[in-house]
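The values are calculated or read from the model by the stated rules, or taken from the named source; none is laboratory data. Note that this is a predicted model, so its numbers are computed, not measured. Neighbour counts are summed over all protein chains in view; Cβ atoms, including those assigned to glycine, are modelled from backbone coordinates with ideal geometry. SASA here: full protein model, heavy atoms, side chains in, ligands and nucleic acids out. Shrake-Rupley method; radii C 1.70, N 1.55, O 1.52, S 1.80 Å.
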2 protein chains.
Amino acid sequence: MRESLIENIQSKIKLSTEEIEIFNTFWKERKLVKNEYIFRNGEICKFDSFVISGSFKAFYIHPDTGKEEIIFFAIENWWATDLDSFSNQSPSMYAIQAIENSIVLQINYPSFEELLRQIPKLERYFRLILQGYNSSIQRRIILTNSHSAEERYRDFVQRYPKIIQKVPQYLIASYLGITPEFLSKIRGKKN
Amino acid sequence: MRESLIENIQSKIKLSTEEIEIFNTFWKERKLVKNEYIFRNGEICKFDSFVISGSFKAFYIHPDTGKEEIIFFAIENWWATDLDSFSNQSPSMYAIQAIENSIVLQINYPSFEELLRQIPKLERYFRLILQGYNSSIQRRIILTNSHSAEERYRDFVQRYPKIIQKVPQYLIASYLGITPEFLSKIRGKKN
């Protein structure tokens, strides 16, 4: 189970056998059934969660329409964490819920800090992960404001082919800020 | 000049006198006059830039309306960098321009990596900075979709009082996605 996380880390930094052993003791596996929450809106995101299998949606409820608004998806080899809530141990503005039966590796905040104290080079790994997430969120803001729904869908398909395969269409539509009907129309067009 | 950057870093991690000496050799001061660019849309963001004095806007040009759309502001003690472009040395989707005469400290990408190699604990500082930026950008997405312009303006005033003082109102309006006239109306209301 821990191999995929170790592999993900080793793609950015190198860990010794001893460090891998220390690292492994910090993480606990958790199984979630479909629709189960890692945390709900207003709760503290107590764990940093790495997805081993399955998929999750991060979303909040729009106060006027009552609709779910998707912030991001997390599939295998990605993180399903509200880092703001996790690092400040403060209530989250959103929720993360399993789209299907899923497995994650989790670490709580005091253990996370202790892990970084014991293996400081992990700071680099987490910095690089954050940097990548940052780029994608910034890109999303620019595309949302400056590109058509169709262009944004094509960009999404190209960048996240695995998410397209795993996640229901109506959730992709929500992420793109369009109706499921409009997404069907876009998908029906010839490329 | 370098003191404010060192102070900013020391608020998150501790550096020894020797490390501070090494650190200082890596940064070059640059003065920019009002309207000068750090980099333009389509250029590579060659430097990580820390603002010593003055203010900057990060923006792109909307392809349909031709209008500037503000991504973020950078005032003193903040970073004026497109990290995606900087870390991949790839063309930026946006531009960063001085709003007034300003001074920054800069480091290029190979030097940045060398600095991190020589003082690895800086990884933690940059991770924490990114985490804070991440939180603010995520918060912005949620607020933009779920709160009125007035609520977003009040939130902005509370979180970024220094930006309100320094940055022209029409740029704040652009950041909030409203017209300058509408912003005036909001500001005219009693609290």
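Among the residues of the stretch B:25-46, at least one is assigned to a helix (DSSP H, G or I), open to solvent by 90 Å² or more (accessible area, probe 1.4 Å), modelled with pLDDT of 95 or more and at negative phi. Each residue in the stretch A:85-112 was checked for being more than 12 Å from chain B (Cβ to nearest Cβ), without any contact (Cβ under 8 Å) to a residue 40 or more places away in the chain and among the small types (Gly, Ala, Ser), and 0 of them qualify. Exactly one residue out of A:Ile129, A:Ile163 is within 14 Å of another protein chain (Cβ to nearest Cβ), touching a strand residue (DSSP E or B) at 6+ places or on another chain (Cβ under 8 Å), of a type in the set (A, V, I, L, M, F, W, C) and in a helix (DSSP H, G or I), and it is A:Ile129.
Which one is nearest to the other protein chains (Cβ to nearest Cβ), of the residues in the stretch B:176-185 that are in contact (Cβ under 8 Å) with a residue 12 or more places away in the chain and open to solvent by 40 Å² or more (accessible area, probe 1.4 Å)? Here the answer is B:Gly177.
Scanning the stretch A:102-146 for residues that are among the charged types (D, E, K, R) and within 14 Å of A:Phe26 (Cβ to Cβ) returns A:Glu113, A:Glu114, A:Arg117.
Among the residues of the stretch B:166-178, just one is modelled with pLDDT of 90 or more, β-branched (Val, Ile, Thr) and not in a helix (DSSP H, G or I), namely B:Val167. Number of residues in the stretch A:141-160 that are more than 18 Å from the chain's Cα centre (by Cα), basic (Lys, Arg) and within 14 Å of another protein chain (Cβ to nearest Cβ) equals 1. Taking the residues in the stretch B:41-65 that are within 11 Å of chain A (Cβ to nearest Cβ) and not acidic (Asp, Glu) as candidates, determine which candidate is nearest to B:Leu130 (Cα to Cα). Filtering the stretch B:41-65 for residues that are within 11 Å of chain A (Cβ to nearest Cβ) and not acidic (Asp, Glu), the one nearest to B:Leu130 (Cα to Cα) comes out as B:Ala58. With respect to the conditions (1) out of contact with any strand residue (DSSP E or B) (no Cβ under 6 Å at 6 or more places or on another chain); (2) of a type outside the set (A, V, I, L, M, F, W, C); (3) touching a residue at least 60 places away in the same chain (Cβ under 8 Å), A:Glu76 lacks only one, and its number is (1). Considering only residues in the stretch B:113-126 that are in a loop (DSSP other than H, G, I, E, B) and touching a residue at least 24 places away in the same chain (Cβ under 8 Å), the one that is most open to solvent (accessible area, probe 1.4 Å) turns out to be B:Lys121.
Taking the criterion of being assigned to a helix (DSSP H, G or I) and surrounded by fewer than 14 Cβ atoms within 10 Å (Cβ to Cβ), the residues of the stretch B:7-21 that qualify are B:Glu7, B:Gln10, B:Thr17, B:Glu18, B:Glu21.
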